[in-house]
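Novice: Next up is a structure, given as structure tokens.
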Amino acid sequence: MTTPTSRYPGLNLGKGHAEADNACEELVFGFWVFMMSDLILFGLLFGIYVTMLGATAGGPGPHELFEMKSAFIETMLLLTSSFTFGMASLALKYRHDKGRLVAWLVVTLLLGLAFIALELHDFSSMASKGGVPSRSGFLSAFFGLVPLHGLHVTVACLWLVALLAQIAIYGLDKGVKTGLIRLGILWHFLDIVWIGIFSLVYLGGLT
Amino acid sequence: MSHFLDMLFGRLGWDALPFWTMLQDHSTLSIINGVIATAAASMVVIGALVTFGLITWFGKWRLLWSDWLTSVDHKKIGIMFIVISVVMLARAVIEASFMRAQQAVGLDGGFLTVDHFGQFFTTHGTIMVFFMAMPFLTGLINYVMPLQIGARDLSFPVMNSISLGLTAAGAAIVMISLMFAPFSTGGWSGYPPFTELAYSPDAGVDYWIWAVTLSTLSSTLSGINFAVTIYKKRSPGMHLFRMPLFCWVSLCTAILMIFGMPPLTVATALLALDRYLDFHFFTTDLGGNMMNYVNLFWAFGHPEVYILILPAFGTFSEVFSTFSGKRLYGYNTLVIATMAIAVLSFTVWLHHFFTMGQSAHVNAAFGIATMLIGIPTGVKVYDWMLTMYRGRIRMSVPLVYALGFIVLFVLGGLTGIVLANPSVDYQVHNSLFLVAHFHNMLIPGTLFGMLAGTNFWFPKAFGFRLDERWGYRAAYSWIIGFMLAFFPLYALGLLGMPRRTVTFFEPAYLPWTIAAGCGVIFILFGGFSLCVQLWRSIRERHLNRVPVGDPWDGRSLEWSISAPPPEYNYPVIPQIYSRDAFMREKDEGTPYQRPDRYQDIEMPANSAMGVVIAATGFLMAFGLTWYMWWLVIASGVVALVAIILRGFVRNTSRIISAREVQETHERWLDIVNHTPGVSRAQEQTTANRGRALPPINGASQ
Amino acid sequence: MTKRTLSAEQENERQYELRTYILGYGLALILTLIPFALAAWGSLSRMTLWWVIGACALVQIVVHFRFFLHVTLAKNKREDLQLILFTALILIIMVGGTLWIMFNLYSRMMPSIMP
Ligand code: HEM
Ligand SMILES: [Cu+2]
């Protein structure tokens, strides 16, 4: 089995897409570097969250506020969306027709939106139990970290919609392809950050 | 009606005008401060009006728009960065003079109010770091680095223009705070809880937060751009270890920007959450913890000081070797030292808060790490000295700055090693000793480096040399002025005078503060000399033209093309065979070759994105500061839509035909062939048209 | 014709990449289910549980990088890998340093806040 040669992180478009593949080399590397910078941002917020664990100031803590079930469902949604995005990338690379690509992308988008909806629902149920950021340092740290991830997912969904519109207008041209490859990286990256969140914040908090 | 006005103007009211307090309170002190603040605001307004007026008068709006503001040419963006930085430098130096003047007469009083003095040191520090040094070095790297690696532009030209826009917006926010006061009094580090809503409820801290945030975003993007460019856009044969040292420092600076900026982004964002949405990260109640802020701020702060210094190191490396007529000594060790500094600079941040209360072994670890940085820095100093050793040294203006740097920087570095010792730091932290130390690094280091770089590369950028006579005057005044203004602060610090103090009651301080005040007179003369230098150079530009482009017998690639360079830099991408690529060609007698074949060149097309982001960024920051929520939402939506629409744009490049390239290039080659070479002895005369004689004949002094 | 007419080599590559994603998804699922299951029904001590959760998370991160982002040890991937490793180094320094400093401060000044 030969591993395909690669020029940038994420799925490589390969020779079949020479022009877009060339453009990707620089674009994707740049985006990758940006992701790393973003990773530092998240890393620091994780660190702050840990330092604020004890700062509940008499307010509600993880046990009163978090629910394992919804954290689990969110995890599944996001993980599956990562997989479906992978399928979309393969459809982009190996198929002529837009249909399958668009179908996978729409599935991914729906999973992403479901994730956001569930997360918002979580936040509101936390708020109803008195879990609002102004209550304590601990809750501030939680609402500094987790919604930032949610915001990233929202932006990714928005980007996905924009790319779907671009597909509708331009078909699968270079711009669309490079965009999809970069969005793929963002998507998988957000899933990686979520691993940190469910492990540290939810599971760590609930045990 | 009033409800509507409230919504329209948020909390912006008449009392934001700089002369408002003066009208209410007629004490002498209040009137003096009101007059100063009003004068400053008027200067901004008049400056803006005059600029607008002149542009309109000369009918240059269209030109400004299409050739500059929407240009994505790295050279023009670099120049615009530096223009912003010079304007901000002027303001910050004036503020510094006011502070020095205040302290020179500050025994039992002085003429500034506490609040006003607080705004002075806060804006001075914020501007010097974020809106003078950062744009200056970003501009310099922007201009020089792509030329040195043989590239036609940065990897992401439009993002470059967006970086410029963000910095411009931040600078504009700091400027407009003179008209709609106040600015923060929390210092450039903005420590909570003082900067929390409970203790600083007015708009000042919000101005500070958003100005700094804009600048941070800009630097992060610039860092990514530089790093990717260096990784992906080097011309064939330009291995990493063939790059000029300036490119190496650019790479390390870029890495520091990418990884060093996020902590500040986090710190200011969390502070903003505290202030706007009632979070409790750093408040004094409900579990807030300001120590987290201090830690975050310096996790950024220390990499930042190396962002400020590395480009200067790179510039000086080029200057030392060019004006010694020698190869850079110890290239490999310089590269390794640069990388070592870049990595080590992430491991020392705690030395900024030795006194916060952690145990001695934590302090010891960070103290030792700090001292370790002295080693690679020392290596560099020796390399520079050995570069000059036995060289044919020409005392040009950049070299004067470089020599001033090397002596003064070592002194400042030694005081840094002193401060790295926690037990000593306990005695002098937060005193003027510290202020003396970091100015001793930042003025001879960063500022001299940038000024040396300007003198060095100006002829490349504009096609004529800068006037040397006033250049020397400026350099010597800065050096002398610096020593006079800051060496007394070491003494003051040891005598126990705290930093950021408006008045003092200890007569023993007075002689020193007066001495420091005198130093500022020299510095101001230095600044004045810089203006005269620029003005005279422009007036006499026809005499000092260097169209061939190599006025200093340069070594790296950027000197091999015309001055100013064409938009596409290189008509044909050069093939590189060794370090000091252009010097090698000259040594072999093969510079200025006529290429066999020309090709069409694809260049990025102009884009208004930078302007859009600048405008929306500015308005959003302004709206956030004054609680004009409609403005925040409107500008946010416009920015978002613009970014999305940008994704739909398909023709993002422009072709320059091979014919045009050929014509331009051959015209220049004709000039080259008709220009007699000039020896190094005549470097500073009008005989210098930018063509250097080969070293064997030309190197004599 | 829905599929692009693929050469044998490309078909190979497609098979390989498809399997990569499926394998990655499977591994990630397992590595997610283990900690959730242990946290919900397991009877491990708190400390052991934390270690297991942490270990699963780390392995899962590697899985994502390897199978979804295609970062491998292959030579032409070194640049990306180096970047990740450098980022990891900086994260360890910054976040590790932060925790060290802050908890040291807590232990000396506000022990009540130690979790
Ligand atoms: C041009 C000559 C300069 C003069 C005369 C000057 C003078 C001063 C003075 C009087 C202060 C206040 C000291 C105190 O706290 O009592 C100060 C603070 C400061 N200066 Fe400068 N400075 C100069 C250049 C620079 C440069 C080039 C930089 C940085 C690149 C810089 C960065 C700072 C910073 C960061 C502070 C601390 C502000 C704070 O306390 O928050 N200065 N300077
Ligand atoms: Cu430091």
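No lab work stands behind these numbers, since they all come straight from the coordinates. Nothing here was measured: the structure is a model prediction, and the numbers come from that model. Cβ coordinates were reconstructed from backbone atoms using ideal geometry, including for glycine residues, and neighbour counts include every protein chain displayed.
Novice: Hey, can you rank B:131-140, B:298-307, B:650-659 by average C-beta count inside 10 Å, highest first?
Specialist: B:131-140, B:298-307, B:650-659
Novice: How far is it, in nm, from the label point at A:SER124 to the one at B:PHE194 when both lie 7 Å from their Cα along the line to the Cβ?
Specialist: Here the modelled spin labels are 4.3 nm apart.
Novice: Reachable lysines from A:LYS69, Cα under 20 Å, same-chain residues fewer than 8 places away excluded?
Specialist: A:LYS129
Novice: Compute the acute angle (0 to 90°) between the alpha-carbon long axis of helix B:114-126 and the principal axis of greatest extent of the alpha-carbon atoms of chain B; round to the nearest 10°.
Specialist: Here the helix axis deviates by roughly 30 degrees.
Novice: For the stretch B:662-667, just list the computed ³J(HN,Hα) in residue order, Karplus coefficients 6.51, -1.76 and 1.60, θ = phi - 60°, integers in Hz, with x standing in for Gly and Pro.
Specialist: 4, 4, 4, 5, 5, 4
Novice: Rounded to the nearest 0.05, what FRET efficiency is calculated for B:TRP629 and B:TYR472 with R0 set to 35 Å and r the Cβ-Cβ distance?
Specialist: About 0.05, to the nearest 0.05.
Novice: Restricting to Cα atoms and excluding each atom paired with itself, what does the Kirkwood estimate give for the stretch A:17-205 in Å?
Specialist: It works out to 17.7 Å.
Novice: When B:SER27, C:SER43 are ordered from fewest to most other Cβ atoms inside 10 Å of their Cβ, what list results?
Specialist: Ordered from fewest to most neighbouring Cβ atoms within 10 Å, B:SER27, C:SER43 come out as C:SER43, B:SER27.
Novice: Students often forget the sequence filter, so: which lysines lie under 26 Å Cα-Cα from B:LYS76 once same-chain residues fewer than 8 apart are removed?
Specialist: Within the straight-line cut-off, B:LYS76 pairs with B:LYS60, B:LYS232, B:LYS233, B:LYS460.
Novice: Can you give the convex hull volume of the alpha carbon atoms of the stretch C:73-115 per residue, in Å³?
Specialist: 58 Å³
Novice: Please list, in order along the stretch B:284-300, the HN-Hα scalar couplings obtained from phi with the Karplus expression 6.51 cos²θ - 1.76 cosθ + 1.60 (θ = phi - 60°), rounded to whole Hz, x for Gly and Pro.
Specialist: For the stretch B:284-300, the Karplus-derived couplings read 8, 10, 6, x, x, 8, 5, 5, 4, 5, 4, 4, 5, 4, 7, 5, 7 Hz, x marking Gly and Pro.
Novice: Where a ≥ b ≥ c are the square roots of the eigenvalues of the C-alpha gyration tensor, would you call the protein assembly as shown rounded, which needs a/c under 1.5, or, failing that, prolate if a/b is larger than b/c, or oblate?
Specialist: Verdict is oblate for the protein assembly as shown.
Novice: What are the extents of the Cα atoms of the stretch B:22-97 along their three principal axes, in Å, largest first?
Specialist: Between the extreme Cα coordinates on each principal axis of the stretch B:22-97 lie 53, 27, 16 Å.
Novice: I would also like to ask the following. In whole Hz, what ³J(HN,Hα) sequence does the stretch B:520-536 give by Karplus (6.51, -1.76, 1.60; θ = phi - 60°), x for Gly and Pro?
Specialist: Once rounded to whole Hz, the list reads 5, 4, 5, 4, 5, 5, x, x, 4, 4, 4, 5, 4, 4, 5, 4, 5.
Novice: Here is a further query. How much length, in nm to one decimal, is gained on full extension between B:GLN682 and B:MET43, taken as 0.36 nm per residue of separation minus their Cα-Cα distance?
Specialist: 225.8 nm
Novice: At what distance in nm do the modelled label points of C:LEU73 and A:MET68 sit from each other, each positioned 7 Å from its Cα along Cα→Cβ?
Specialist: The answer from the label model is 3.6 nm.
Novice: Please state the shape class of the stretch B:38-162: rounded when a/c is under 1.5, otherwise prolate if a/b exceeds b/c and oblate if not, all from the C-alpha gyration tensor.
Specialist: Verdict is oblate for the stretch B:38-162.
Novice: Which residues does a label at B:ALA360 reach in the stretch B:405-443, if reach means a backbone N under 20 Å from a point 7 Å past the Cα toward the Cβ?
Specialist: Within reach of a label on B:ALA360: B:418-429.
Novice: How many angstrom lie between the C-alpha centres of the stretch A:49-72 and the stretch B:33-68?
Specialist: Spelled out, the Cα-based centre of one part sits 54 Å from the other.
Novice: Still on this model: Using just the C-alpha positions of the stretch B:396-553 as equal point scatterers, what log10 of I(q)/I(0) does the Debye formula give at each q in 0.13, 0.18, 0.19, 0.20 1/Å?
Specialist: Result of the Debye calculation: -0.67, -1.01, -1.08, -1.16.
Novice: Right, something else. Shape verdict for chain C, please, from the Cα gyration tensor: rounded (a/c under 1.5), prolate (a/b greater than b/c) or oblate.
Specialist: Judged from the Cα gyration tensor, chain C comes out oblate (a/c at least 1.5, b/c at or above a/b).
Novice: Each label point is 7 Å from the Cα along the Cα-to-Cβ direction; what then is the distance between the points at B:ARG667 and B:ASP115, in nm?
Specialist: 6.0 nm
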